[in-house]
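Since the structure comes first, as C-alpha cells, the remarks are kept for the end.
The values are calculated or read from the model by the stated rules, or taken from the named source; none is laboratory data. Fair warning: this is a prediction, and the values are worked out from it, not measured in the lab. Every residue, glycine among them, receives a Cβ derived from its backbone with ideal geometry; neighbour counts consider all protein chains shown. For the accessible areas, the whole protein counts, side chains as well, though only heavy atoms, and no ligand, DNA or RNA atoms are used. Shrake-Rupley method; radii C 1.70, N 1.55, O 1.52, S 1.80 Å.
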Amino acid sequence: MTTSARAYVLLAVAVLCISVGSIFIRFAAAPPLVTAFYRITLATLIVAPFAAGSAVRAWPALSGRRRLAVVGSGIALGVHFATWIASLSYTSVAVSVLLVNTAPLFTLAFSRLVLREAATPEVAVAMALAVAGAALIAVADWGRTAGSLLGAGLALAGAVTLSAYHVVGRGLRDALPLPAYVVSVWAAAAATMAAIVCASGDALTGYSARTYGLFAALALIPTVAGHGLVNRSLRSFPAPTVGLFLLGEPVAAAALAYGFFGERIGALTLAGGVLVMAALAIVVRSEVA
C-alpha cells in the first residue's frame, strides 16, 4: 500500500471511530451528564502520561490571556459534550449527529461577526441551505417522540459550543505543542463536566461493568483514536479534504443506528440532511480559496 493510500485509509478509520460514539452513548445505561463526564475524563487520563510533561514545560510560557483561552476552550468543549450527549436521549442518532455537525457553519458565523468580514456569495448560499435544511429536520422531528424538538435544540447547542471551542482556542495550537494543547483543554473540559455533574446531583458510581466498559470505549475509540487520527491526517491532507471526509460521520452514524436500533430516516429528515450536508460541503470547499 502506498503512503497516500495508507493516509486515506487512516482518515476513513478516523471517521468510523468518531461515528460509533453515538452508538456507545445509546448503549450506556447512565445519565447523559455522567456519560459526558466519563468520556472526557477518561480520555484525559489516557493521554496524560504522554502529554503531561509537554504541558508542564509549556504552561509557564503562556500569557495570562492564553491561559484563560485554554480554560474557556475547555469549558466550551465540556458543555458541547453535555448538550450533544443529552440530545441523544430525545431524538434520533441521525438528527442529533447531523445537527451537531453544523458546527463549521457557526464557526464561520462567529468569525464573520467578530472580524466584521463580509460573507462571500458561496457562504451566503451555504447559510441559506443550512437554515432550510435545519427547518425541514425540525418539521420532520416535530411530534415524532416526546421532547424530540428539545433533542434537536440540544444538538444545535452542541454545535454552537463546539464552534466556540474552536474559536476560543484558535491560536493556542501555535502557542502550545499539540500534546500539551490537547491535555490542557481536555483537563479543563473534564473539570467543567465534574462541576456540572455535581450540580445536577447525578451519581458518578453504581453503574454496571458493561456501562463502565462503554465509558472507556467512548474515551478510547471516538475521542482519543478518532480525533487523534484526524489530527494526524491533517499532516497528510489539506484541512478542506479532511473536513469533507468528516461529512461521512452523519451518514455512518445513521447507518449504524439503523443496524443497531432500527432507526429509519424519513423523507423530510433525509431532504433536510441533504441540504445541510450540501451547505457544509460548500463551506469546507470555500476554505481552499
- Query: How do 65-78, 258-271 rank on mean C-beta neighbours within 10 Å, highest first?
  - Reply: 65-78, 258-271
- With runs of 4+ DSSP H residues as the only contributors, calculate the mean residue ellipticity of the chain at 222 nm using -39,500 (n - 2.57) per run, divided by the residue total and rounded to the nearest 500. -25500 deg cm²/dmol
- Item | Per residue, in Å², the accessible surface of the chain once ligands and nucleic acids are set aside, probe 1.4 Å | 46 Å²
- Query: Taking the chain as a Gaussian network, where each spring joins two C-alpha atoms under 10 Å apart, which residue of Gly169, Gly201, Gly248 fluctuates the most?
  - Reply: Gly201
- Expected unfolding gain across Arg210-Ala124 under the 0.36 nm per residue rule, minus the alpha-carbon gap, is 26.3 nm
- Query: For the range 171-216, what size does the Cα cloud have along each of its three principal axes, sorted from largest down, in whole Å?
  - Reply: 41, 25, 10
- Task: Please report, in whole Å, how far the alpha carbons of the chain spread along each principal axis, starting with the longest.
- Result: 53, 51, 45
- Alpha carbon Rg of the range 165-289, scaled by the compact-globule rule 2.2 N^0.38 Å: 1.32
- Kindly write out, for the range 250-257 in residue order, the coupling ³J(HN,Hα) from the Karplus curve 6.51 cos²θ - 1.76 cosθ + 1.60 (θ = phi - 60°), rounded to whole Hz, with x marking Gly and Pro. x, 5, 5, 5, 5, 5, 5, 5
- Between Ala132 and Ala175, the two model label points (7 Å from Cα along the beta-carbon direction) sit apart by a distance in nm of 4.1 nm
- Item | Relative contact order of the chain, pairs being alpha-carbon contacts under 8 Å that are 6 or more residues apart, as % | 42 percent
- Among Leu16, Leu108, Leu62, residue whose mean-square fluctuation peaks in a GNM of the chain (springs only between Cα atoms under 10 Å): Leu62
- Long-range amide H partners of Glu263, meaning residues 5 or more apart or on another chain whose placed amide H is closer than 5 Å, are Tyr258
- Quick one: pull the percent of accessible area on the range 22-117 belonging to carbon and sulfur, 1.4 Å probe, ligands and nucleic acids left out. 70 percent
